[in-house]
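A short write-up of the structure that comes next.
The values are calculated or read from the model by the stated rules, or taken from the named source; none is laboratory data. Just so it is clear, the model here is predicted, and its values are computed rather than measured. When we count neighbours, we look across all protein chains shown, and the Cβ atoms used for this are built from the backbone with ideal geometry, even at glycine.
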Amino acid sequence: MGDVASQNSWKTIIGKLRVVHDDRDEHGLIAALSAPQAATVLGFVNAHAMNLVAADADYCKALSAADVLLRDGSGMAILFRRIGLAPGLNMNGTDFIPKLLAAFKGRRVAFWGTQEPFLTQAVQHSETVFGVQVVSVHHGFAEAEAYIDLARQLQPALIVLGMGMPKQEAIAAQLAAQGGPCLIVCGGAVLDFLGGKVTRAPRWLRRLGGEWLFRLLKEPRRLFMRYVVGNPLFLLRTLFCSKATLGAAQRSSRSV
């Protein structure tokens, strides 16, 4: 739990995290991400991701290959404070990705992930609300080559992957190695949210950092290991963090 390999993996990811300090900083990030000059991967790092990083070296490699990593959730805020750093804004994908979709209004977008009917519903919602042009739709259970072929053929400006961890991060890294200017977003359950499969917690509960509890109550069987087992494990791992080592890693990270 506190072994050197896990510590090094956490240090690698923390060193790449882009802290968003305020609304102005967020607006600048949206502007940069919506005008990619090359294939650009955006990922989100929450407590579940950090547990996977500690246990899976391949996942750590794929996640750390992302061009921009953002802090997601109250667990990561706890970790930041533990190592003596301000956590900035909570940049969870469920809130941030719709803002990116709005920035891509009128442009070519691909939705790859989840399953029907939620995928089609996510497309309809996004075209109506955000004005994007969805040019490619595919469920999230294919092999990587299927998505690479679609990217080559259709050349979307934005690709939203809704496949969950760790698959989406591995596919994002492969897409980035093959493609031209494009933003590739590791979106987790965002297509399920946009498609109406998953509902948001009340705003007051979100402000308190308790959306994970709301989701657990809605899907206890599927999310038991992630939250009931995973959250305490994450908190236990934070106790083994070296403040000097991990803090230095974050302070030396580059702003994107």
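Observations on the model:
- Selection from the stretch 138-159 of residues that are crowded, with 17+ Cβ neighbours inside 10 Å, in contact with a Cys (Cβ under 9 Å, 6 or more places away or on another chain) and not in a helix (DSSP H, G or I): 156, 157, 158, 159
- Hits in the stretch 175-208 - residues which are more than 30 Å from residue 156 (Cα to Cα) and surrounded by fewer than 15 Cβ atoms within 10 Å (Cβ to Cβ): 202, 203, 204, 205, 207, 208
- Residue 45 vs. criteria of a type in the set (Val, Ile, Thr) and under 26 Å from residue 201 (Cα atoms): yes
- Within the stretch 1-20, restricting attention to residues that are in contact with a Leu (Cβ under 7 Å, 6 or more places away or on another chain) and farther than 12 Å from residue 70 by Cβ, the residue that is modelled with the lowest pLDDT is 1.
- Among the residues of the stretch 145-194, those identified as under 18 Å from residue 96 (Cα atoms), without any contact (Cβ under 8 Å) to a residue 60 or more places away in the chain and of a type outside the set (A, V, I, L, M) are 162, 164, 168.
- Of all the residues in the stretch 164-194, those that are part of a helix (DSSP H, G or I), farther than 11 Å from residue 113 by Cβ and within 10 Å of the chain's Cα centre (by Cα) number 1.
- Test set (1) assigned to a loop (DSSP other than H, G, I, E, B); (2) within 16 Å of the chain's Cα centre (by Cα); (3) small (Gly, Ala, Ser) - residue 86 fails condition number: (2)
- Residue selected from the stretch 226-253 under the condition exposed (fewer than 11 other Cβ atoms within 10 Å of the Cβ) and more than 23 Å from the chain's Cα centre (by Cα), by the criterion modelled with the lowest pLDDT: 244
- The single condition among (1) over 22 Å from residue 166 (Cα atoms); (2) in a loop (DSSP other than H, G, I, E, B) that residue 91 does not meet is (1).
Results for (1) in contact with a strand residue (DSSP E or B) (Cβ under 7 Å, 6 or more places away or on another chain); (2) closer than 30 Å to residue 8 by Cα, shown as yes or no for each residue.
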{"residue": "54", "(1), (2)": "no, yes"}
{"residue": "63", "(1), (2)": "yes, yes"}
{"residue": "78", "(1), (2)": "no, yes"}
{"residue": "89", "(1), (2)": "no, yes"}
{"residue": "102", "(1), (2)": "no, no"}
{"residue": "115", "(1), (2)": "no, no"}
{"residue": "118", "(1), (2)": "no, no"}
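- The stretch 79-137, subset among the charged types (D, E, K, R) and under 19 Å from residue 19 (Cβ atoms), residue surrounded by the fewest Cβ atoms within 10 Å (Cβ to Cβ): 81
- In the stretch 66-78, the residue that is farthest from residue 22 (Cα to Cα) out of those that are within 15 Å of the chain's Cα centre (by Cα) and in a helix (DSSP H, G or I) is 75.
- Pairs linking a residue in the stretch 120-144 that is within 16 Å of residue 189 (Cα to Cα) to a residue that is β-branched (Val, Ile, Thr) and assigned to a helix (DSSP H, G or I), with Cβ atoms under 6 Å and 6 or more positions apart or on different chains, are 137/123.
- Pick from the stretch 215-225, criterion buried (at least 16 other Cβ atoms within 10 Å of the Cβ) and among the hydrophobic types (A, V, I, L, M, F, W, C), ranking: nearest to the chain's Cα centre (by Cα): 223
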